[in-house]
Structure formats: C-alpha cells, structure tokens
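Asker: I have a structure I would like to understand better, so I am pasting it below and will then ask my questions one at a time.
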Amino acid sequence: MYDFKIEAADTETMYRDLASALAGLVEGEPDPIANMANAAALLWETLPDLNWAGFYRNIGGELVVGPFQGRPACIRIPFGEGVCGVAAATRQVQRVEDVHAFENHIACDSASNSELVVPIVRGGELLAVLDLDSPKFARFTEADEAGCVRLAEILAKAL
Ligand code: SME
C-alpha cells in the first residue's frame, strides 16, 4: 500500500515532498502508463484547486490523452493547438493565468480558468506533456512551475 499524505507548510516543501514521493512510486517500474497513472493520482491527491491533472502523450507527432484524474477530456490535440499543443510544439512550459485569454485554448472542461503545461523531454525527444487545470484564475505560481519542472525531470526517466 502506498500512503502519501503530503501536508507541507509551503509550496517549495510540498514539491520537495512530491518529488521524493514520485521518485519512490516510479522506482523500478518500467511501464510508462503505470507511472503516469500513479503520478496523476499523486498530483490530484496533493495539489489543491485542480479540476484536471494528467498527461497527453506524443504519439507520432500528435498529443493523445494519457492517464489523468478529472473529467473525460479531448482525446487528440495537434501540436501547436491549445495550451498543451503549444507546449508540445515549443517545448516550453506554458503557465496561463486566464485560459480564456489564450488565443487557441481548447476548452475540455468549462470549469477550467488557469492551466500549467510542462513538456516531458528525454534525449531531445518529447515524450508527453504534464497538464494541470484549475477552476481558479492564476492558480499556478512560479513555485508551481519550478516544482512541476522537477517532477517532469523525474518522469522523463520513467516514461
Ligand atoms: N485545455 C487544454 C486541453 C486539455 S484539457 O485541459 C484536459 C489545452 O488548451 O491544451
């Protein structure tokens, strides 16, 4: 049984705890879907104010929905489209305070108001993107971005 109850006093400590929990969860497990599934569950359990947490995988140059928590979502997203597609095409983190102001945001869940998307890259290859959505505007801070970049580094070795 895994029992990760992370109740850190500040965001930096929370992401440090999350990183060690994630590293423990994926250790010794080579299956990428299993690792993304547990990562999505861990993030969903730990981070407050989310309405979606999960992955889109790079399948032949198109994003395809992977393991997640939240409502059923858009299945395929072309590179360059939506916040996830822009993150995939540019390989740059997208931290969007108001998704309604993002030019080609794809509204999978009308509850989403802000979003953080982090590319997961290994050896120059885009494997997937980590996507977090929140009903709160400007939910994701620089500390969330830095913390999720660290989680993406751990996942890059586990996908
Ligand atoms: N809003 C995303 C689509 C994926 S869902 O949020 C789960 C986007 O614009 O890429």
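Just so you know, all these numbers are worked out from the coordinates, no wet-lab data involved. If you're wondering where the values come from, they're calculated on a predicted model, not measured in any experiment. Note that each Cβ is placed from the backbone with ideal geometry, even for glycine, and that neighbours are counted across all protein chains shown.
Asker: If the label point is 7 Å along Cα→Cβ of A146, which residues in region 73-99 have backbone nitrogen under 20 Å from it?
Answerer: Residues passing the 20 Å test: 92-97.
Asker: Would you mind calculating the gained length between D17 and E125 on full extension (0.36 nm times residue separation, minus the Cα-Cα distance), in nm to one decimal?
Answerer: 36.1 nm
Asker: Ok, one more. Take each of the peptides 38-46, 114-122, 22-30, 140-148, average the number of other beta-carbon atoms within 10 Å over its residues, and list them starting from the highest.
Answerer: Going by the mean number of other Cβ atoms within 10 Å, highest first, we get 114-122, 38-46, 140-148, 22-30.
Asker: Using 0.36 nm per residue, how much length does the chain from A107 to A89 gain when fully extended, once their Cα-Cα distance is taken away?
Answerer: 4.6 nm
Asker: Determine the dipole magnitude for region 73-155: charges of +1 sit on the beta-carbon of Lys and Arg, -1 on that of Asp and Glu, nothing else is charged, the reference point is the Cα centre, and the result goes in debye to the nearest 20.
Answerer: Computed about the Cα centre, the dipole is about 200 debye.
Asker: Please name whichever of A40, G85, A23 sits farthest to the positive end of the charge dipole of the chain, dipole taken about the Cα centre and charges placed at Cβ: Lys and Arg +1, Asp and Glu -1.
Answerer: G85
Asker: Which value in Å does the Kirkwood hydrodynamic radius of the chain take, with 1/r averaged over all unlike C-alpha pairs and then inverted?
Answerer: Averaging 1/r across every pair of different Cα atoms and inverting gives 15.4 Å.
Asker: Which of rounded, prolate, oblate describes region 26-66, given a ≥ b ≥ c as roots of the alpha-carbon gyration tensor eigenvalues and a/c under 1.5 marking rounded, otherwise prolate only if a/b is larger than b/c?
Answerer: oblate
Asker: What's the magnitude of the charge dipole for the chain around its Cα centre, counting Lys and Arg as +1 and Asp and Glu as -1 at the beta-carbon? Answer in Debye, nearest 20.
Answerer: Charge dipole, the chain, about its Cα centre: 340 debye, nearest 20.
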